[in-house]
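The values are calculated or read from the model by the stated rules, or taken from the named source; none is laboratory data. None of these values were measured; they are calculated from a predicted model. So basically every Cβ, Gly included, is an ideal-geometry build from the backbone, and we count neighbours across all protein chains shown. These accessible areas exclude ligands, DNA and RNA; they are computed on the full protein's heavy atoms, side chains included. Shrake-Rupley method; radii C 1.70, N 1.55, O 1.52, S 1.80 Å.
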Amino acid sequence: MKNNSQHTDPCQSSDPDHKNKEENSEKDCETVEISEHSPVNIDFHVKEENNVLLPTVEILTLERKETKLPVLSTVDIGFKDNEICILHEDSISRAGVENGQFSQPCTSSKASVYLSETPHSLISSTADSRVAEVPGNQGQGIFCENTDGSCGTQTKMEYEWKPDEQGLQQILQLLKESQSPDTTIQRTVQQKLEQLNQYPDFNNYLIFVLTKLKSEDEPTRSLSGLILKNNVKAHFQNFPNGVTDFIKSECLNNIGDSSPLIRATVGILITTIASKGELQNWPDLLPKLCSLLDSEDYNTCEGAFGALQKICEDSAEILDSDVLDRPLNIMIPKFLQFFKHSSPKIRSHAVACVNQFIISRTQALMMHIDSFIENLFALAGDEEPEVRKNVCRALVMLLEVRMDRLLPHMHNIVEYMLQRTQDQDENVALEACEFWLTLAEQPICKDVLVRHLPKLIPVLVNGMKYSDIDIILLKGDVEEDETIPDSEQDIRPRFHRSRTVAQQHDEDGIEEEDDDDDEIDDDDTISDWNLRKCSAAALDVLANVYRDELLPHILPLLKELLFHHEWVVKESGILVLGAIAEGCMQGMIPYLPELIPHLIQCLSDKKALVRSITCWTLSRYAHWVVSQPPDTYLKPLMTELLKRILDSNKRVQEAACSAFATLEEEACTELVPYLAYILDTLVFAFSKYQHKNLLILYDAIGTLADSVGHHLNKPLNNAQPDQYEAPDKDFMIVALDLLSGLAEGLGGNIEQLVARSNILTLMYQCMQDKMPEVRQSSFALLGDLTKACFQHVKPFIADFMPILGTNLNPEFISVCNNATWAIGEISIQMGIEMQPYIPMVLHQLVEIINRPNAPKTLLENTAITIGRLGYVCPQEVAPMLQQFIRPWCTSLRNIRDNEEKDSAFRGICTMISVNPSGVIQDFIFFCDAVASWINPKDDLRDMFCKILHGFKNQVGDENWRRFSDQFPLPLKERLAAFYGV
């Protein structure tokens, strides 16, 4: 089953009855886990004719007729953390196993991952983009070509190098032109600059312009430094020693430049060099910068501190290591001395430097923790906002790592943070507001904050109002903008994530998915994180801490806010109501019969920002709405949300689509009576929406398909939206995932739509796309179409399989997962015809399942696909059984009984019947995996019985008793009760 989340926890459901919401299932309390990574000391004594123990690889390559004796291991077993720890294994040998005597079995799997696999570079300035790497092979003859960067006979770079005047003027001209708004000129400059990189002393010119050419304007000098910074990032390992030494020397000599811009640029250049591993090769850097802190010249002190702050941010880990002889033992006490410096800028640098080492609990800081906290308290009332911001940031981090030191002062700290959350400087207020989010995660929160709630709640609620500048940035006075085309940055999807596939587990009661619909991100265009969002998030987490105890502090405020005549105040009240929905739901139920109709009315408010936040808040109460009689709230809410989907404001369209998707998930088949009306609205929206909202509309339709399943087929035949060509990769991903949702919802009914389209040809192209997320979604669609209408997929299998094989690369985990799952689905459909494709994939799959620290989901799906391949082509897969049987069993013991697990175990049983010696050394793991079944089908239970009894008969009752006596009691009882062994 697919999931729209890419959360790092890959425990998601593929069980058709548990889409997107993983529920607590009855755990099989009797099954005790055998950990694959338990300490194992294996001492096998396999009786061979020549008394030589054959290595595993050799055993696996023997002809079947050469198989000698099965060896069942006796095991010393202990318990730890509900797992079986195998402490020692001995062996029991018995002759007489006949190959192929055990019965046969069948297989299945989907996979998922939530980590983004596309590398992104962050460009720190316009200069960065202008000097992007463009290969060049021509240069200007005025530059020196000596490989050490020198000209003529010069051998020492540091002070003897002088620029050629003509070359210098040419570079200055390029720097001026690069600031042109004309993109054609910028591209030309970019190419010329890249061509100049082949000349070793080109970088000397850049540092010369930055540090020595003080007759030039500061932006040009700074731009030269930023271009040099980019060259350091891309080519530093190729710099001649002379050039490197010259740049380092010039940086240290000019860290105190009179211009703040030039000082900052030099600092950026220093930390970039340091981050390239040069802290070890630049031994005088840190001592020099620390000594410059004592300079009486302000510019020198500030420049050195600015560079040190950047180094602490970028190289914190290596600073706290033996590689550099732990310089922090000197640096941190030095920084603490500057907390009382007369300059606010210096004080800010000092606090910011120390802050870098709080979360990592750096020993040098922990030794001075009391002094640090004392100095922080002394700065609490500093007049400089940047200092106050850094003090707040420090206290927030200390809350996580040294609560013991803060606890005696907690009352005063809370009072201080209440003041700072109302600071006139919003950056300070935002840092202080983080305090409440962090404190809510601490066990002491409830006791510590309870007396402060009467003050805190109004402060947080007040922070949830839009400021005047917010409204301007959001174009809050623009009510109708649906005809205005989206800008390029608008088209980036915020909610959608590539569809992935995963198993559902018996032990995982809660799915930790990142549900974007519940995020407070109604004002994304202002910034990624601001005071409004942080205040709302803090109220949300506090509602989850105090539950209904929070309502006496909230309800009086809500009553005033929700019915206020000023729209900004009313809008904040609606946000408050949404923020407390999860934590205070039970206490809010008596008020919802009055509040829900009021909110539905607010969907028609004349202000677009009120309509959009109302959509979000209503989505937070969708579960309660659906639990009531449909005509009471569901029908009027659905009707008004559909109207808002066709709103004339793009922000409202987006919020309504997102809210409607949440309603679809909650209501499921309750929506079936209204499908025609819903589809008419969604289809009409296709002709109305700009690019960005089309992405969210695709999601809403995909969610509808998931929610109503085959019921969608009838009206869809009469209402197919026009096809829109996706303008970029993000649209491709969303379109692929929408098609996956339709294939899953319609099943075989999608066959006619596929037959009349070129979808498989397009999918073939997408499967080869450079962007991992496109390939990931392509493989998910391939698997869904394989299940729904394999007759259309089969002609392309010869083209698809090599691509799938090359994508079994666990470096791109989600791509690898979905490719693995698709291979399993194809194998079930292909049967024995899968045989030619086994060599393309089997070795990679075996390597993946033995990969240390691989995500659980990847291992589960790999195991299921190996099982399926072994079911349809046992002769090809069974010889490798010993290489994967242990991780195979441990990977599948925790997933729920379902068709995929069923087919995988049929496959493993078939392979054991072909190669019984392959399972002998790890037979206890097979027993444990069999015992994980709650209710296997009768014929599968028979397969298990035949294998278990077959091995028991071959080794004899006494040896089996000695072997099974080592089982944990729950495992022993379960095997006896279900299989009679």
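One table, with the values for the structure above:
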quantity: Reference-scaled alpha-carbon Rg (2.2 N^0.38 Å with N residues) for region 387-470; calculated: 1.07
quantity: From phi via Karplus (6.51, -1.76, 1.60), per-residue ³J(HN,Hα) for region 666-673 in Hz, x at Gly/Pro; calculated: 6, 7, 6, 6, 4, 7, 3, x
quantity: Neighbourhood charge, 10 Å Cβ-Cβ cut-off, centred on residue 176 and excluding it, Lys, Arg +1 and Asp, Glu -1; calculated: -3
quantity: Above-threshold pairs, the threshold being 29 Å between Cα atoms, out of 901/946; 688/770; 787/952; calculated: 688/770; 787/952
quantity: Cα shape, region 229-384, gyration tensor, a/c 1.5 rule; calculated: oblate
quantity: For residue 893, residues with placed amide H under 5 Å, excluding near neighbours; calculated: none
quantity: Two-site label geometry, residue 164 and residue 185: point separation in nm, points 7 Å out along Cα→Cβ; calculated: 2.6
quantity: Over region 795-979, relative contact order from alpha-carbon pairs under 8 Å, at least 6 apart, %; calculated: 17
quantity: Interatomic Cα distance distribution for region 229-282, bins of 10 angstrom, percent; calculated: 24, 58, 18, 0
quantity: Solvent exposure ordering (accessible area, 1.4 Å, most first) of 217, 470; calculated: 217, 470
quantity: Region 286-372: GluC sites (Glu not before Pro) in DSSP coil with no more than 15 other Cβ atoms inside 10 Å; calculated: 296
quantity: Per-pair calculated FRET efficiency, R0 = 45 Å: residue 407 and residue 758 via Cβ, rounded to 0.05; calculated: 0.10
quantity: Magnitude of the charge dipole, region 795-979, Cβ model with Lys/Arg +1 and Asp/Glu -1, debye to 20; calculated: 460
quantity: Kirkwood hydrodynamic radius over Cα pairs of region 303-462, then Stokes diffusion coefficient at 10 °C and 1.306 mPa s, in µm²/s; calculated: 98
quantity: Lys/Arg +1, Asp/Glu -1 at C-beta; region 157-251 dipole; positive extreme among 196, 213, 184; calculated: 184
quantity: Region 595-712, accessible surface, carbon-and-sulfur percent (1.4 angstrom probe); calculated: 55
quantity: Region 595-712 shape via C-alpha gyration tensor axes, a/c threshold 1.5; calculated: oblate
quantity: Tensor-based shape of region 827-936 (alpha-carbon gyration tensor, a/c under 1.5 rounded, otherwise prolate or oblate); calculated: rounded
quantity: Accessible carbon and sulfur surface of region 795-979 relative to its total accessible area, %, 1.4 Å; calculated: 51
quantity: Computed accessible area, residue 298, all protein chains, 1.4 angstrom probe, square angstrom; calculated: 100
quantity: In Hz, Karplus ³J(HN,Hα) per residue of region 257-271 (6.51, -1.76, 1.60; θ = phi - 60°; x = Gly, Pro); calculated: 3, 5, 8, x, 5, 5, 4, 5, 5, 4, x, 4, 5, 4, 5
quantity: Length released on extending from residue 198 to residue 480, taking residue separation times 0.36 nm less the Cα-Cα span; calculated: 96.1 nm
quantity: Orientation-averaged projected area, Cα convex hull of region 280-343 (nm²); calculated: 4.3
quantity: Gain in span if fully extended, residue 218 to residue 424, counting 0.36 nm per residue against the direct Cα distance; calculated: 70.9 nm
quantity: q = 0.19 Å⁻¹: log10 I(q)/I(0) that the Debye formula gives for region 795-979, counting C-alpha atoms only; calculated: -1.28
quantity: Residues of region 156-213: accessible area per residue with a 1.4 Å probe, Å²; calculated: 47
quantity: Segment residue 280-residue 938, length gained on full extension (0.36 nm per residue, minus Cα span); calculated: 230.2 nm
quantity: Karplus-derived HN-Hα couplings along region 601-615 (A = 6.51, B = -1.76, C = 1.60, θ = phi - 60°), whole Hz, x at Gly and Pro; calculated: 5, 5, 4, 9, 4, 6, 8, 4, 5, 6, 4, 5, 5, 5, 4
quantity: Ordering of 306-312, 626-632 by burial proxy (mean other Cβ atoms within 10 Å per residue, highest first); calculated: 306-312, 626-632
quantity: Cα-projected label distance for residue 829 with residue 973, points at 7 Å along beta-carbon direction, nm; calculated: 4.6
